[in-house]
Amino acid sequence: MRRKLAAGNWKMNGTTDALVQVKALTDAHPDPDVDLLLCPPATLIAQMAWARGTHALQIGGQDCHASDSGAHTGDIAAVMLKDAGASHVIVGHSERRADHGETDEDVSAKAAAAHAAGLIAVICIGETLAQRDAGEALQVVTDQLKGSLPQGATAANTVIAYEPVWAIGTGRVPTLDQIGEVHGTLRGTLRDLMREAAGVRILYGGSVKGSNAAEIFSVADVDGALVGGASLTAADFGPIITALENA
C-alpha cells in the first residue's frame, strides 16, 4: 500500500514569523494518517525542522544543485539540505524549468544528487496550456518522466508530482478524467522504467484547495498533493490534509 502524502511548497514566501504555522499545523494534526511535508525557503529549513519538535512532519528543500560542493554562488547542495534537517527536495518544478531553463537532464542529475545525499526526490512534471490544447499532454509528461527519472530511483527515494503548468496558481483545475488519464499514463510509464512502479507515489498539484481536494483524491493513482499557496497557513492546508486522510 502506498502511504498518502500531503506536501506543501511555500515557494519564495515566508520569514521567521511564518513558523507559527508549523505549530498550528502540528497541533491540528498531532497524529496524521498520512505523511506531511513542508518545503519552505532554504532560510527556514533548519528553523522549521526545530519548530516541528517530535512531530512526524517532514521538511524539504525546493531545489538542489547536482554537485555536492563547488564554485556555485547562490546554489545549495543536497548534502547541505540534509544537514539542515531536510528529508526531501523538490526538483524540476515548472517554475525552475521555465525561469532557469532546467532540462530533463538537469532534473535527473539533481534527483540523483538528492538520492546520494539520502534525500527523497520529489520530481515534478507537467504540460503547458499550449501543449494540452495541442493534444500533446500525455506525450510531454511521459517524455519528462523518462528524462527526469535517474538510475537508482526507487519507491523509497522518489515521489512524482504531476503539475499541469496551466493550473498552477491560476484557479483552473483539470477535469477528474484528465487527471486520471495522466496519472494512469504515468503509472504505466513507471512500470516500463522500474520494478517498484506500484509503490511510487504520484501526487497531483495545481490549484488544490480544501473545496476541491476530496474529489481530486478520489481519482485512481492520485496518492496525495503538492500544494502551493494553500499550504502557507494551517487553516488552508488543514482541510486538504483531512480530505486526504478520508480518501
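The values are calculated or read from the model by the stated rules, or taken from the named source; none is laboratory data. Only a predicted model underlies this, so the values are computations on that prediction, with no experimental measurement involved. Every residue, glycine among them, receives a Cβ derived from its backbone with ideal geometry; neighbour counts consider all protein chains shown. Surface accessibility is based on the protein's heavy atoms, side chains included, excluding ligands, DNA and RNA. Shrake-Rupley method; radii C 1.70, N 1.55, O 1.52, S 1.80 Å.
Of all the accessible heavy-atom surface of the stretch 125-167, with the other protein chains kept in place and a 1.4 Å probe, what percent is carbon and sulfur? Using a 1.4 Å probe with all protein chains present, the stretch 125-167 comes out at 51 percent carbon and sulfur. Placing unit charges on each Cβ (+1 for Lys and Arg, -1 for Asp and Glu) gives the stretch 107-174 a dipole about its Cα centre, and among ALA121, SER148, PRO164 the Cα reaching farthest toward its positive end belongs to ALA121.
Here the chain is treated with +1 on each Lys and Arg Cβ and -1 on each Asp and Glu Cβ, and its dipole about the Cα centre works out to around 380 debye.
Using Cα-Cα distances under 8 Å and only pairs 6 or more residues apart, what relative contact order does the chain have, in percent? Can you show the working numbers first?
Working: 504 pairs, mean separation 52.2, N = 247.
This gives 21 percent for the chain.
Per residue, the convex hull spanned by the Cα atoms of the stretch 112-218 measures out at 107 cubic angstrom.
Assuming charge only on the beta carbon of Lys and Arg (+1) and of Asp and Glu (-1), the dipole of the stretch 169-247 about its Cα centre is about 140 debye to the nearest 20. With all protein chains in place and a 1.4 Å probe, the accessible surface of the stretch 1-113 carries 52 percent carbon and sulfur.
The residue among PRO174, VAL91, GLY199 whose Cα reaches farthest toward the positive pole of the charge dipole of the chain, with charges on the beta-carbon of Lys, Arg, Asp and Glu, is GLY199. Evaluated with a Cβ-only charge set (Lys, Arg +1; Asp, Glu -1), the stretch 109-247 carries a dipole of roughly 320 debye about its Cα centre, given to the nearest 20. Just to confirm my numbers, what's the Cα centroid distance between the stretch 11-56 and the stretch 107-128 in Å? Taking the Cα centre of the stretch 107-128 as reference, the centre of the stretch 11-56 is 22 Å away.
Taking the charge dipole of the chain about its Cα centre, with +1 at Lys and Arg Cβ atoms and -1 at Asp and Glu Cβ atoms, the residue from ILE76, VAL34, GLY210 reaching farthest to the positive side is VAL34. For the chain, modelled as a GNM whose springs connect Cα atoms under 10 angstrom apart, the maximal fluctuation among LEU44, LEU176, LEU25 occurs at LEU176.
Accessible area per residue, 1.4 Å probe, Å², for the chain: what's the number? Please list the in-between numbers first.
Working: 10800 Å² over 247 residues.
Per-residue accessible area for the chain comes out at 44 Å².
Can you give the translational diffusion coefficient of the stretch 47-196 in µm²/s, computed by Stokes-Einstein from the Kirkwood radius over Cα pairs at 20 °C and 1.002 mPa s? All intermediate terms of the calculation are to be shown ahead of the outcome.
Numbers: Rh = 16.2 Å.
After rounding, the answer is 133 µm²/s.
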